[in-house]
Amino acid sequence: MTATILDGKLVAAEAKKHVKVEVERMKASGTNPHLSTVLVGDEPASASYLKSKHKACQEAGIGSENHHLPVETTQKELENLIFKLNVDPKVNGILVQLPLPGHLDENTVIERIVPYKDVDGLHPMNAGKLASGIEGLVPCTPKGIVKLLEHYKVPLRGQRAMIVNRSTLVGRPLAMLFLNRDATVTMAHSKTLNLPEVSRSADILVSAVGRSNFQVEAKHVKPGAAVVDVGLSRVDGKLRGDVDFGEVSKVAKYLTPVPGGVGPMTVAMLLENTVMAAMIQSGKN
Ligand code: GUN
């Protein structure tokens with residue numbers, strides 16, 4: 001068996017085309033969607049992610065700007081910037097790129113964002129809504145994963161889904177989205193014992209570990225499963241995902257590549273969320 005590749009680049013391009021049409025419609029009625037991002041410090045990976053987010057905004061006709069703060073920025077200074085963006089009527093979406101430097105309290109920073117501008121879907125209000133089964137502003141990576149699976153008609157209802165990650169950015173919200181779609185969800189993480197034995201029962205296996213010493217191998221995968229690779233790590237200077245692509249593609253029915261899988265979907269979903277936020281704020285939703 002050779003797995004069908006879940007082409008995130010293709011599905012993201014389609015989603016972005018829809019966003020662009022929607023943005024044109026909104027602009028014609030006087031709403032100009034706008035995203036503000038915040039980067040603290042000079043982490044090259046974060047800067048590179050942000051660059052692709054801004055490029056995508058530009059292509060979709062969404063206004064955007066980045067606020068680049070020095071690594072020594074204090075909690076107070078960062079929160080002051082959030083307050084300014086919260087009350088700026090031009091700004092519909094606020095995204096603080098994570099991770100923040102260690103001296104800053106991420107949770108508090110996220111709580112300072114007004115929930116209706118929280119295009120990352122990380123504010124406890126948005127996370128709580130999702131946990132209650134209400135899908136408003138949902139974190140971009142999980143939203144993109146579900147969109148990609150749905151595009152390829154990978155069934156979720158009644159299926160066993162296993163997520164190797166329990167972060168607020170990926171694992172937890174994805175578990176809620178899967179549950180909302182009637183999957184049977186198992187969460188695994190760094191303390192899970194005998195991972196291959198557990199993961200081999202999964203019809204859908206999502207791995208978001210991102211460590212160079214971890215790999216999803218054929219022995220982790222149930223024959224015919226859908227495998228979604230969210231990991232990114234650097235090995236010998238080269239970026240790679242969590243999954244041993246060559247081996248797993250012989251066992252799985254569906255597989256996402258790295259790059260060109262989940263990454264482009266995340267960016268496309270950020271555009272969707274920015275449009276949704278602008279719509280909420282214009283009262284035209
Ligand atoms: N760092 C890695 N992924 C993300 C994301 O989706 N949002 C933010 N804010 N930071 C990230």
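Against the test of being within 14 Å of the ligand (Cβ to nearest atom), modelled with pLDDT under 95 and either under 28 Å from D120 (Cβ atoms) or within 20 Å of the chain's Cα centre (by Cα) (or both), the options L270, L232 yield a single qualifying residue, L232.
Taking the criterion of being away from the ligand (no atom under 16 Å from the Cβ), touching a helix residue (DSSP H, G or I) at 6+ places or on another chain (Cβ under 8 Å) and of a type in the set (G, A, S), the residues of the range 273-285 that qualify are A278, S282. Would you check which residues across the range 80-105 are in contact with a strand residue (DSSP E or B) (Cβ under 8 Å, 6 or more places away or on another chain) and of a type in the set (D, E) and list them? Listed by number, the list holds a single entry, D88.
Scanning the range 58-78 for residues being under 24 Å from the mean Cα position of the chain (by Cα), touching a residue at least 24 places away in the same chain (Cβ under 8 Å), more than 14 Å from the ligand (Cβ to nearest atom) and part of a helix (DSSP H, G or I) gives a total of 2. Screening L104 against (1) part of a loop (DSSP other than H, G, I, E, B); (2) away from the ligand (no atom under 14 Å from the Cβ); (3) surrounded by 14 or more Cβ atoms within 10 Å (Cβ to Cβ) leaves a single unmet condition, (2). Inside the range 196-213, residues that are in a strand (DSSP E or B) and either over 16 Å from the mean Cα position of the chain (by Cα) or surrounded by fewer than 21 Cβ atoms within 10 Å (Cβ to Cβ) (or both) make up a count of 2. When L179, L193, L95 are checked against the criterion of being buried (at least 19 other Cβ atoms within 10 Å of the Cβ) and modelled with pLDDT of 95 or more, a single residue qualifies: L95.
Scanning the range 235-255 for residues that are within 20 Å of the chain's Cα centre (by Cα) and under 14 Å from I5 (Cβ atoms) yields a total of 4. Give the number of residues within the range 251-267 that are within 16 Å of the ligand (Cβ to nearest atom) and either surrounded by fewer than 23 Cβ atoms within 10 Å (Cβ to Cβ) or assigned to a helix (DSSP H, G or I) (or both). Looking only at that region, the number is 8.
Scanning the range 241-250 for residues that are under 16 Å from R211 (Cα atoms) and out of contact with any strand residue (DSSP E or B) (no Cβ under 6 Å at 6 or more places or on another chain), we see that the one that is nearest to the ligand (Cβ to nearest atom) is F245. The set of residues in the range 235-257 that are at pLDDT 95 or above and of a type in the set (A, V, I, L, M) comprises V243, V248, V251, A252, L255. Mind listing whichever residues of the range 130-166 are within 13 Å of the ligand (Cβ to nearest atom), touching a Pro at 6+ places or on another chain (Cβ under 9 Å) and in contact (Cβ under 8 Å) with a residue 40 or more places away in the chain? Residues satisfying the conditions are L137, V138, T141, K143, G144. The condition of being among the aromatic types (F, W, Y), under 19 Å from the mean Cα position of the chain (by Cα) and either part of a helix (DSSP H, G or I) or away from the ligand (no atom under 16 Å from the Cβ) (or both) holds for F178. Residues that are in contact (Cβ under 8 Å) with a residue 60 or more places away in the chain, out of contact with any strand residue (DSSP E or B) (no Cβ under 6 Å at 6 or more places or on another chain) and more than 23 Å from G144 (Cα to Cα) occur in the range 37-48; there is at least one. Confirm whether K90 is basic (K, R) and assigned to a loop (DSSP other than H, G, I, E, B). Yes; evaluated as a whole, the condition is true for this residue. Looking across L85, L122, L50, L81, one residue alone is in a loop (DSSP other than H, G, I, E, B) and within 15 Å of the ligand (Cβ to nearest atom). It is L122.
The values are calculated or read from the model by the stated rules, or taken from the named source; none is laboratory data. All figures in this text were calculated on a predicted structure; none of them were measured in a lab. Quick reminder, even Gly has a Cβ in these numbers, built from the backbone with ideal geometry, and neighbours come from all protein chains shown.
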